[in-house]
1. Condition test on residue 195, is it of a type in the set (S, T, N, Q) and open to solvent by 40 Å² or more (accessible area, probe 1.4 Å)?
2. Just give me the residues in segment 168-192 being in contact with a helix residue (DSSP H, G or I) (Cβ under 7 Å, 6 or more places away or on another chain) and surrounded by fewer than 24 Cβ atoms within 10 Å (Cβ to Cβ), in sequence order.
3. Say whether the condition of being among the polar types (S, T, N, Q), assigned to a helix (DSSP H, G or I), within 16 Å of the ligand (Cβ to nearest atom) and open to solvent by 40 Å² or more (accessible area, probe 1.4 Å) is met by at least one residue in segment 80-93.
4. Return only the number of the condition from (1) closer than 30 Å to residue 47 by Cβ; (2) open to solvent by less than 10 Å² (accessible area, probe 1.4 Å) that residue 278 does not satisfy.
5. Name the residue, out of 58, 6, that is more than 29 Å from residue 118 (Cα to Cα) and of a type outside the set (Asp, Glu).
6. For segment 102-113, name all the residues that are farther than 28 Å from residue 273 by Cα and part of a strand (DSSP E or B).
7. Based on what the data block shows, is residue 116 in contact with a Phe, Trp or Tyr (Cβ under 8 Å, 6 or more places away or on another chain), assigned by TED's automatic domain parsing to the domain that holds residue 241 and part of a loop (DSSP other than H, G, I, E, B)?
8. Checking the conditions here, which among 4, 18, 48 is more than 16 Å from the ligand (Cβ to nearest atom), assigned to a helix (DSSP H, G or I) and closer than 22 Å to residue 356 by Cβ?
Amino acid sequence: MAGRNFLFVPGPTNIPDRILRSMTVAMEDHRSSKFPELTRSLFPDLMRVFGCEQGQVFIFPTTGTGAWEAALANTLSPGERVLAPRFGQFSHLWIEMMQRLGLQVEVIECEWGEGAPEAEIGRILRADDAHRIRGVMIVHNETATGVTSDLAAVRRAMDEARHPALLYADAVSSLGSIEFRMSEWRVDLAVTGSQKGLMLPAGLGIVCASPKALAAAKDAKCARAFFSFADMQRTNGEGYFPYTPNLPLLYGLRESLDMLLAEGLANVFARHNRLASGVREAVAAWGLGLCCKELRWRSDTVSAVTMPPEINGAHVVDVAFRRYNLALGAGLAKVAGKVFRIGHLGDLNELMLLGALAGTEMAMADVGVKIEPGSGVGAAQAYWRRTDPVPKKRVARSEVLYASHSAGSINA
Ligand code: PLP
């Protein structure tokens, strides 16, 4: 089909042309004296994106799943207990991995569409007088259901229980898009992949570890070889890796970090919130709901739109792709067919999203969802027109233009 595919799955996300160009590089000697010029700046800048003041970041040539494994295997021992709420496909898969690594997982079963149940976590930790639970495992943004858990509240619950467990956070579909404050929330291990908020291809699994997590790694007994923190620590300080790194991805990461830090993380988060709010206005105008069960958990990176019972969400996804060249996310596992997902993260603006919303409306109408064509697009347009499009810090020139031309209609 002519024209670009409209990629609106919640990862992989659109790669900015600037990043694509930065990855077109000839191969280099990764043991040369020049190589660290590229790599050494990546670690501190990634720490900034994690909101991590103290600790260490590890860049593995893997995906988010590998980063999960690296975080677990380096800091826990077989037979140790961990506490994990299950509220979507990614928390489910992570729990399965914990079990396969020989951990004893105390699972808190939640309805899909809920977020981490802080009160229940607190209750279980308070009852664990002997402090046998070693880790609390939270998927910050459950990509399957469009739910962002309140990590600050989970940390408060752990503190109130005076429990020393490590706090693990899957930030795969939140980092670089939704506020993440590793040091403030005292997250001990945070993991992400490169193909979402970092706007890169899949292929980097990134783990950020607190000093407490690094100390735990010294005694942990789970087997690890490729994913060893210690091997990375031996070489990373000088700017090298224990094995051949993926050079184009590292150049791409440099460019991605430059883009995120130049926009300003606060502005990046505000942009995602504003775009997500427009999508939510559209969903409401269609007369449909979200899988997410509470306002406070609504995700700014992905919306899982609930289908009327007579409609299979997979048909919407299929028609959107085949007829309109629009890739939406299908419902996964328990919510397969019941929802479809619109990813709204990464390198994105209002007009791109309006195209996606228009295509979604056409696909929904084609498969028999009773919506008014144009209603969602109109609602999103109205929302974006009446809200401030440009973060305050960077509006100087446009403010002058608005003031001289249109006497405030944009911000009305
Ligand atoms: N965790 C979350 C929240 C995800 O959304 C994903 C993938 O979409 C993963 C983990 C797994 O990451 P990957 O597919 O990069 O292995």
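1. For residue 195, the condition - of a type in the set (S, T, N, Q) and open to solvent by 40 Å² or more (accessible area, probe 1.4 Å) - is not met.
2. 178, 179, 185, 186
3. There is no residue in segment 80-93 that is among the polar types (S, T, N, Q), assigned to a helix (DSSP H, G or I), within 16 Å of the ligand (Cβ to nearest atom) and open to solvent by 40 Å² or more (accessible area, probe 1.4 Å).
4. (1)
5. Result: 6 is the single residue among 58, 6 that is more than 29 Å from residue 118 (Cα to Cα) and of a type outside the set (Asp, Glu).
6. 104, 105, 106, 107, 108, 109
7. Yes; evaluated as a whole, the condition is true for this residue.
8. Being more than 16 Å from the ligand (Cβ to nearest atom), assigned to a helix (DSSP H, G or I) and closer than 22 Å to residue 356 by Cβ holds for just one of 4, 18, 48, which is 18.
The values are calculated or read from the model by the stated rules, or taken from the named source; none is laboratory data. Treat the numbers as computed from the prediction; the structure is a model and nothing was measured. Because the Cβ atoms are built from the backbone with ideal geometry, glycine has one as well, and the counts that use them run over all protein chains shown. Ligands, DNA and RNA are excluded from the accessible area calculation, which covers all protein heavy atoms including side chains. Shrake-Rupley method; radii C 1.70, N 1.55, O 1.52, S 1.80 Å.
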